[in-house]
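K.L.:
Quick one: the structure is below, questions incoming.
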Amino acid sequence: MPAQQEFDAAEFADRLAAMTDEEVFLMMQKLEEGSERIPPKDRDESDVFAQIAMVETAIEDRFPGQLLAPYKDWKQRRIGG
């Protein structure tokens, strides 16, 4: 199995903080799509789910009290538009 670059949570959080809302939503979409391709047997070794949790937190911090509604609305607009 190829060596995977170690996930740096602090660096990822810094990148998230510098992103626009659109970039954060695109990141979440990319991570969700990536998580669907991870075989169940490999999920414990994947950093994707930790990254998803961090993006969820970033969205909730940007939109207090709305949970993931802004992301879901954004996704709907992209599907419908």
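K.L.:
Among the residues of segment 63-81, count how many are open to solvent by 80 Å² or more (accessible area, probe 1.4 Å) and part of a helix (DSSP H, G or I). Working first, answer last.
P.N.:
Going residue by residue through segment 63-81, those that are open to solvent by 80 Å² or more (accessible area, probe 1.4 Å) are 64-67, 72-73, 76-79, 81.
Pick out the ones that are also part of a helix (DSSP H, G or I) and you get 72-73, 76-79.
Selection size over segment 63-81: 6.
K.L.:
Could you pull out the residue among Ile52, Ile38 that is surrounded by 13 or more Cβ atoms within 10 Å (Cβ to Cβ) and not in a helix (DSSP H, G or I)?
P.N.:
Ile38
K.L.:
Go through segment 28-44 and report how many residues are touching a residue at least 40 places away in the same chain (Cβ under 8 Å) and more than 13 Å from the chain's Cα centre (by Cα).
P.N.:
0
K.L.:
Looking at segment 8-27, is at least one residue in contact (Cβ under 8 Å) with a residue 40 or more places away in the chain, more than 13 Å from the chain's Cα centre (by Cα) and open to solvent by 50 Å² or more (accessible area, probe 1.4 Å)?
P.N.:
No, every residue in segment 8-27 fails to be in contact (Cβ under 8 Å) with a residue 40 or more places away in the chain, more than 13 Å from the chain's Cα centre (by Cα) and open to solvent by 50 Å² or more (accessible area, probe 1.4 Å).
Yes or no, residue by residue, for (1) acidic (Asp, Glu); (2) more than 20 Å from Leu16 (Cα to Cα):
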residue: Ile38; (1), (2): no, yes
residue: Asp42; (1), (2): yes, yes
residue: Glu45; (1), (2): yes, yes
residue: Val48; (1), (2): no, no
residue: Ile52; (1), (2): no, no
residue: Gly65; (1), (2): no, no
residue: Lys72; (1), (2): no, no
residue: Lys75; (1), (2): no, no
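The values are calculated or read from the model by the stated rules, or taken from the named source; none is laboratory data. Being a predicted model, the structure only gives us computed values, none of them experimental. So basically every Cβ, Gly included, is an ideal-geometry build from the backbone, and we count neighbours across all protein chains shown. Protein only, heavy atoms only, side chains kept; ligands, DNA and RNA dropped before computing areas. Shrake-Rupley method; radii C 1.70, N 1.55, O 1.52, S 1.80 Å.
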